[in-house]
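Here's the structure we're looking at; comments come further down.
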Amino acid sequence: MHNLIIKNAAQVVTCSGFEGKRGREMNNLGVIENGTVIVTGGIISHVMQQGEPLPVNEADYKVIDATGKALLPGFVDPHTHFVFGGYREEEFAWRMRGDSYMEIMERGGGIVNTTRATRTATEEELVDSARKRLDAMLRLGITTVEGKSGYGLDRETELKQLRVMHQLNDLHPIDIVSTYMGAHAVPEEWKGREDAFIDFQIAEMLPLVAGQRLAEAADIFCEKGVFTIDQSQRYLQAAASLGLKPKMHADEIIPLGGAELAAELHCLSADHLLQASDEGISALAASDTVATLLPLTAFSLREPYARARTMIDAGCIVALATDLNPGSSFTASVPLLFALACIYMQLTPEEAVTAFTLNSAAALGRADRIGSIDPGKQGDLLLLQFPSYKFLPYHVGMNIVERVIKKGEVVV
Ligand code: NIG
Ligand code: FE
């Protein structure tokens, strides 16, 4: 039973809401000055203005004095690949020398490189390395993380990755939302038989994953040289018919019409979108599909950032994610994420906070449970060393998270 009172926070940044916010609404953080929040039995029970009398018996609660500090909802990271074997530091050096991400992938590096290492790793080794990554994320204020399979690309290893995430969901304070991504790349043994590989996904893998409830969502890398629009559509429609929520890696390197397809299929989210077209942005703005942007990936690949300003002004629901993975974004740096989003993608600090709390919860279909400080939501909170959320992008690259609270329990 976790009962907690956080008293007199300089700001309670509620991010209040139960669904993703779009456009101008993203600036509305619902800040309460000198507010108090009460968590009862792990669930937020009261959000109070200064001076309101305590409605509970203080003796039954642990009390934290938050004078001079801002209180926010725990961060929600809606796109990562945090379970993997091996590293690709050599490929990073090649990219800095001028090779492109796709060139390295075409010559057998990239995702397929990590696939080889993940296939040979034991389940225990994967749990061990992934757990350390989760520890680091928790210290940065992340209280819910999405994780994708997709470094197995065969039946056994895909299931192994999903089992690792389920184990960690039980072992670790961070909540893990599993996504099946068997269509992350074409494995060496299926080269040249991409359509047949998608048929295998539809006939065997998606029903298996859905049947064993090993994932909530399904994702595909829709990209020139990986999977086509047509293959993505077949895969995602099959996933949706089995109850797996569709998601897409869309328009990352080449504008293929991924954003348009994601909107048409009512995907939970379309992710990356560096090259999304005007039509794609309009389609997303007219839909409930969340545009999940990954500035750390654009930065690490030295690619132009997604057009976040255009998307928000058009009325899209925009979320942010770290994309932690061993290739295109080997980082879960939340401080750098906020800095890049504000400095290079022209998000306001308010929009960036909404994008990494309520809207990222919406990108996981969980905005009803997490992502804001509202009565009834899970008691996932974080306390900053500073009195305002505005320090998040401003104190560039520095972790200013002082305490992390998960379901009412102080875990950092
Ligand atoms: O989101 N673009 C495809 N998938 C990952 C990268 C995976 C990898 O390079 O290992 C991404 O960037
Ligand atoms: Fe990704």
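No value in this document is a laboratory result; all are computed from the given coordinates. Since the structure is predicted, the reported quantities are computational estimates derived from the model, not experimental observations. Cβ placement follows ideal geometry from the backbone for every residue including glycine, while neighbour counts extend to all protein chains displayed.
Roughly how many nanometres apart are two label points built 7 Å out from the Cα toward the Cβ at residue 213 and residue 94?
If labels sit at residue 213 and residue 94, their model points lie 4.2 nm apart.
Can you give the translational diffusion coefficient of the chain in µm²/s, computed by Stokes-Einstein from the Kirkwood radius over Cα pairs at 10 °C and 1.306 mPa s?
Translational D for this selection: 75 µm²/s.
Do any chymotrypsin sites (Phe, Trp or Tyr not before Pro) in region 330-409 lie in a DSSP loop with no more than 14 other beta carbon atoms within 10 Å, and if so, which?
Passing sites in region 330-409 are 344.
Mind pulling the angle between the C-alpha long axis of helix 123-139 and the longest principal axis of the chain? Nearest 10 degrees, somewhere in 0 to 90.
40
Compute the distance in nm between two label points, each set 7 Å from the Cα along the Cα-to-Cβ direction, one at residue 156 and one at residue 28.
5.4
Please give me, ordered by residue number, the trypsin sites (Lys or Arg not before Pro) of region 286-327 that lie in loop per DSSP and have at most 15 other Cβ atoms within 10 Å.
Numbers: sites: 302, 307, 309; in loops: 302, 307.
Here the sparse-neighbourhood loop sites are 302.
May I ask you to list the trypsin sites (Lys or Arg not before Pro) in region 54-108 that are in a DSSP loop and have at most 14 other Cβ atoms within 10 Å of their Cβ?
107
Measure nothing but the geometry: give the 0 to 90° angle between the long axis through the Cα atoms of 334-343 and the longest principal axis through the Cα atoms of the chain, rounded to 10°.
With rounding to tens, the tilt is 90 degrees.
Rounded to the nearest 5, what % of DSSP beta bridges with both residues in the chain are antiparallel? Mind dumping the intermediate values first?
Details: 22 of 55 bridges.
Percentage antiparallel, nearest 5: 40.
What is the helix-to-structure angle for 111-120, meaning the angle in degrees between its Cα long axis and the longest Cα principal axis of the chain, kept from 0 to 90 and rounded to the nearest 10?
Roughly 80 degrees, rounded to the nearest 10.
Along the positive direction of the dipole of region 229-330 (beta-carbon charges: Lys, Arg +1; Asp, Glu -1; about the Cα centre), which of 294, 265, 316 reaches farthest?
So the residue we want is 294.
Please give every one of the aspartates and glutamates within straight-line cross-link reach of residue 160, meaning a C-alpha to C-alpha distance under 20 Å, and leave out same-chain neighbours fewer than 8 residues apart.
Candidates past the 8-residue exclusion: 123, 124, 125, 128, 146, 170, 175, 188, 189, 204, 216, 219.
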